[in-house]
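A.B. asks: Submitted below is the structure of interest, expressed as structure tokens.
Laboratory data are not the source of any read-out in this text; all were calculated from the coordinates shown. Just so it is clear, the model here is predicted, and its values are computed rather than measured. Cβ sites come from the backbone with ideal geometry, for glycine too, and all protein chains shown count toward neighbours.
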Amino acid sequence: MRSQWTNPTIIRRPTIAALSAAALLVACDQPAGLSRPDRGIVADAQAGTMSAKGNAQVAEAVDCSGTVLTPGICRAGGQGADVSVSFTAPLPTVSDEEVPANGTFSVKYRAGFGDQLDFLSGTATINGDLHELKVSGICSLTTGAGAVGFATCTLFVQDNAQPNSGDIIDFEFASTGPPFRFGSAGGQVVSGGIRID
């Protein structure tokens, strides 16, 4: 009985060198940087940005009428506050870096005096590795009765990035003139969520 392999293929040294070079070129042609799955920051690598976006509700809220020096009436608890966030930032150049961000946020008290604050200007940073957003600056203030003014405001958001672990929000404001209001909202998110990556 004759073997099927009567004419074996012989690979000569120049062919082996050419195949090795081709394999090396294919290996070197793989994408580098943020498209690899082992990086710490999960972001939109094609767009070159990371973001902090979402809508959440927190149960802890204090909405006060009066000044910080001469407080008037404070209303706490109730139905908490709604927080809406939309910020983007370029990807960091090193890990664990806070990168300047642009965007806006809004906080609406569901009870109390029904105040709403919208971010106008200031500074914001996103840290993609820590899943944190920090904002401070000036907000527009609109009361439930329709009066309009301005307030200094700060917002800190941490997306815990673990299922069912709860995002954390900390918001504070104080008006810079009439209508005189100040307050805070925050704690663990009770519905919705903010995603930072």
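A.B. asks: Quick one: which of 49-60, 92-103, 113-124, 143-154 comes out on top by average Cβ neighbours within 10 Å, and what's the full order, highest first?
C.D. replies: Listed from highest to lowest mean packing, they are 49-60, 113-124, 143-154, 92-103.
A.B. asks: What net charge do the residues around Ala76 carry, taking every other residue with its C-beta under 15 Å from that of Ala76, with Lys and Arg at +1 and Asp and Glu at -1?
C.D. replies: -1
A.B. asks: What is the list of residues in the range 46-65 whose amide nitrogen lies under 14 Å from a point 7 angstrom out from the Cα of Thr154, following Cα to Cβ?
C.D. replies: None, by backbone N distance to the label point.
A.B. asks: For the range 116-197, compute Rh as the Kirkwood radius over C-alpha pairs and then the Stokes-Einstein diffusion coefficient at 10 °C and 1.306 mPa s; write the answer in µm²/s, rounded to an integer.
C.D. replies: Roughly 117 µm²/s, to the nearest whole number.
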